[in-house]
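Student: There's a structure below that I have some questions on.
The values are calculated or read from the model by the stated rules, or taken from the named source; none is laboratory data. Model, not experiment: these values are computed from the prediction. Positions of Cβ are backbone-derived with ideal geometry, glycine not excepted, and every protein chain shown enters the neighbour counts.
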Amino acid sequence: MSQIIEKPPVCMTIAGLDPSGGAGVVADVSAFSRFGCFPSMVITSVTFQNTTGVFGADNLSAESVQRQADAVFDDYEIAALKTGMLPTAEIIKTVADLVKRRSVENFVIDPVVRSTSGYDLIDDDALRALVAELFPLALIATPNLAEAERITGISIETPSDLERAAAAMLETGVRYVLIKGGHRIKTDVDSDIARDHLFSRAGTQAFEAEFIETTATHGTGCVLSAAITANLALGHSVENSVRTAKEFVTNAIRNAPMLGHGHSPIGI
């Protein structure tokens, strides 16, 4: 009697290629696979980077991005889609058109705007297009504090600043905003806790984990958003997807292989 094998949900990432393997589509694909999802990818940019920094990038054309994505969508049923590095306004508009044409519901935006080493991965025109074109289509956006500040123009130092920034992003139409790096906010709460805040029109929820002092942080944002995407594809709620993804990233940081001379990739 033959065994019936259930088809895995297919996840897609539209992001840049990190040749050192710690971030971008390589990290996304690894995270998708770890949750039992089948990975697919669309490359927007070939970056020149390693654990010590980003040294440049060759961006692909919007037509190339569209042809990559359409080839996969024509063949597979995509259960969830996430974006990472979208370097130009033309690419962003192409992705927005794709999401609308393909009626993507589980759409996650990781608004990658600047590398840890300070390299700008997106210019101001592209950032405006990201907020205007993609945020209204997204289920959840996952900015860190620096990205939230650049998106909203609000300097985030206090809990009230955090709430104002989240409210500004929710006004764009995105249904959930997860702002990462809450341990940097000035409060009386223990700073040894890594705290992220999930905002929606229904309220706010904090997700906490042990804060691990480490240089192994390369690709953490990519992996977190990819893990959220995979869990959404598996049918979990936004809240449970965020909770599971945060636990996954915390364990991955704890188990980092400590590679390279800079910020090591995490252990996925």
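Student: Scan the stretch 22-79 for residues that are over 27 Å from residue 231 (Cα atoms), part of a helix (DSSP H, G or I) and among the hydroxyl-bearing types (Ser, Thr, Tyr) and report the count.
Tutor: Of the residues in the stretch 22-79, 1 are over 27 Å from residue 231 (Cα atoms), part of a helix (DSSP H, G or I) and among the hydroxyl-bearing types (Ser, Thr, Tyr).
Student: Go over the candidates 56, 21 one by one and state the one that is at pLDDT below 95, surrounded by fewer than 21 Cβ atoms within 10 Å (Cβ to Cβ), among the small types (Gly, Ala, Ser) and more than 15 Å from the chain's Cα centre (by Cα). I'd like the intermediate steps shown before the answer.
Tutor: Numbers: 21 fails: at pLDDT below 95.
Within the list 56, 21, the selection yields 56.
Student: Filter the stretch 65-95 down to residues that are buried (at least 20 other Cβ atoms within 10 Å of the Cβ) and either over 21 Å from residue 32 (Cα atoms) or among the small types (Gly, Ala, Ser) (or both), then give me how many there are.
Tutor: 10
Student: So, one more: Quick check on residue 228: is it in a helix (DSSP H, G or I) and within 23 Å of residue 81 (Cα to Cα)?
Tutor: yes
Student: Please tell me if residue 31 is of a type outside the set (Ser, Thr, Tyr), closer than 30 Å to residue 251 by Cβ and crowded, with 23+ Cβ neighbours inside 10 Å.
Tutor: yes
Student: Being crowded, with 21+ Cβ neighbours inside 10 Å, among the small types (Gly, Ala, Ser) and either without any contact (Cβ under 8 Å) to a residue 12 or more places away in the chain or not in a loop (DSSP other than H, G, I, E, B) (or both) narrows it down to one residue among 148, 132; which is it?
Tutor: Checking each option against the conditions leaves just 148.
Student: Follow-up question, since we're still on this one. Looking only at residues that are in contact with a strand residue (DSSP E or B) (Cβ under 6 Å, 6 or more places away or on another chain), in a helix (DSSP H, G or I) and touching a residue at least 60 places away in the same chain (Cβ under 8 Å) in the stretch 231-268, which one is farthest from residue 31 (Cα to Cα)?
Tutor: 238
Student: Report the residue count in the stretch 171-201 for those that are modelled with pLDDT under 95, outside any strand (DSSP E or B) and either surrounded by fewer than 21 Cβ atoms within 10 Å (Cβ to Cβ) or hydrophobic (A, V, I, L, M, F, W, C) (or both).
Tutor: Within the stretch 171-201, residues that are modelled with pLDDT under 95, outside any strand (DSSP E or B) and either surrounded by fewer than 21 Cβ atoms within 10 Å (Cβ to Cβ) or hydrophobic (A, V, I, L, M, F, W, C) (or both) number 11.
Student: The conditions are (1) out of contact with any Gly (no Cβ under 6 Å at 6 or more places or on another chain); (2) of a type in the set (A, V, I, L, M); (3) surrounded by 19 or more Cβ atoms within 10 Å (Cβ to Cβ); (4) modelled with pLDDT under 95, and residue 233 fails exactly one of them. Which is it?
Tutor: All conditions are met except number (4).
Student: Mind telling me which of the residues 45, 20, 64, 33 ends up being closer than 28 Å to residue 151 by Cα and free of Cβ contacts under 8 Å to residues at least 24 places away in the same chain?
Tutor: 64
Student: For the stretch 151-169: of the residues being surrounded by fewer than 16 Cβ atoms within 10 Å (Cβ to Cβ) and not acidic (Asp, Glu), which is nearest to residue 86 (Cα to Cα)?
Tutor: Top of the filtered list is 153.
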